[in-house]
Amino acid sequence: MAGMRNYLAYQHPYTQDLQPTLYARYIDDIFFLWTHGKESLIKLHSDINKFHPTIKLTLDYSQLSVSFLDTCISIKDGHLSTSLYRKPTDNLTMLHFSSFHTKHIKTAIPYGQALRVHQICSDEEECDEHLEVLRDALIRTGYDAQLIDCQFRRVTARNCSDLLRRQTLAATDKVPFVVQYFPGAEKLRHVLRDLQHIINEDEHLAKTFPTPPLLTFKQTPNLKQIIVCSKLPSSQDNSIQPCHGRRCKTCQSVDTDTAITRGDTSHLVHGRYSCDSANVVYLIRCRQGCPETWYIGETEQRLRQRMNGHHTTINRQEGSLPVGEHFSSSGHSTLDLQVTLL
Ligand SMILES: [Zn+2]
Ligand SMILES: [Zn+2]
């Protein structure tokens, strides 16, 4: 009996004189029964590892028991017996009962976990031992003992050979009714059922929706989804927009182009900004295209407030300040201000 783990999947035309009695593979885990002795097994392993320089398999074999995925397979009285295998690091962490999830998810967890134990353990005694460990873990995770026992009974009442048969979910032609989950959302099921008669009254609708829709819950955004963004910002996410504030004098000066070019060099603005943005570096140019007018400033204020300051220097014709000097010169006014954020 042997288990192998390969680090890279690789297909190779391969023939060996000696073949395993049983061969099973799940992604990169292989399980097989070897009846030709230890020496030939070691040789097989070394042959396989010569296939390809990047494919290396580790061999784990025993005449008594090996683990494969979450199963521990042993030879007992000339028969194969299976039991649940848990990694030594597995501390049976499950969704806490107080977690914000629908009730059916919380009942499905004890059921699903017990089902797995029942399916895997061929020995009844071992099954009970594992169920006991699972029960303790569920209680530690806030599950009610009565709920656990009820779900466990549902599982143990089922025939083990039935459980091992592959099952396909029955297709439903019910129309899904999707809502974001909220406490009490389950009551919608009754509402939908009670209002079905309205649909039934209409000949056309009654044919299209013969039964109440299938109530389906969408997960509410969790902390991870709120805080973490796995998407890299694209250039479409960069923008400079007027704030459209009623009294904002800067909106009309805002240049919404996010690419700034001078000669051969160009600069792309990253992020989303408006006249409302604070702590910014900004660039003032002249709408008349005066080449010498590139004024770069930085401010902790909102751009709107800083620009109001510039408006004041222009209106007062303060020639000692560069912006005031240019935009109060002949043929210019504050309307020639063009501002963008860097
Ligand atoms: Zn504005
Ligand atoms: Zn100018």
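The values are calculated or read from the model by the stated rules, or taken from the named source; none is laboratory data. Note that the structure is predicted; figures quoted are calculated from it, not measured. When we count neighbours, we look across all protein chains shown, and the Cβ atoms used for this are built from the backbone with ideal geometry, even at glycine. Note: accessible area is taken over every heavy atom of the protein model, side chains too, but ligands, DNA and RNA are not part of it. Shrake-Rupley method; radii C 1.70, N 1.55, O 1.52, S 1.80 Å.
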For segment 36-47, pairs from a residue that is assigned by TED's automatic domain parsing to the domain that holds L59 to a residue that is surrounded by 11 or more Cβ atoms within 10 Å (Cβ to Cβ) and assigned to a loop (DSSP other than H, G, I, E, B), with Cβ under 6 Å and 6 or more apart or across chains, are H36/L18; S40/L18; L41/W34
Log entry, pairs with first residue in segment 79-94 being under 21 Å from R140 (Cβ atoms), second being in a loop (DSSP other than H, G, I, E, B), beta carbons closer than 7 Å, six or more apart or on different chains, reads L84/D70; L84/C121; M94/T141
Reported set for segment 107-143 where residues are out of contact with any helix residue (DSSP H, G or I) (no Cβ under 8 Å at 6 or more places or on another chain) and over 26 Å from S67 (Cβ atoms) is A108, G142
Picking from Q180, Q167, the residue that is free of Cβ contacts under 8 Å to residues at least 12 places away in the same chain, open to solvent by 80 Å² or more (accessible area, probe 1.4 Å) and within 30 Å of P213 (Cα to Cα) would be Q167
It is to be established whether one or more residues within segment 255-267 are within 14 Å of ligand 1 (Cβ to nearest atom), in a loop (DSSP other than H, G, I, E, B) and surrounded by fewer than 13 Cβ atoms within 10 Å (Cβ to Cβ). yes
Taking segment 145-164 and keeping residues at pLDDT 90 or above, open to solvent by less than 80 Å² (accessible area, probe 1.4 Å) and among the charged types (D, E, K, R) leaves D149
When segment 263-287 is checked residue by residue, the ones that are within 16 Å of ligand 2 (Cβ to nearest atom) and among the basic types (K, R) are R285, R287
Selection from segment 285-338 of residues surrounded by 15 or more Cβ atoms within 10 Å (Cβ to Cβ), aliphatic (A, V, I, L, M) and either outside the structural domain of V269 (by TED's automatic domain parsing) or part of a helix (DSSP H, G or I) (or both) yields L303, M307, I314, V323
Note on segment 288-312: residues within 15 Å of ligand 2 (Cβ to nearest atom) and over 47 Å from the mean Cα position of the chain (by Cα) are Q288, G289, C290, P291, E292, T293, H310
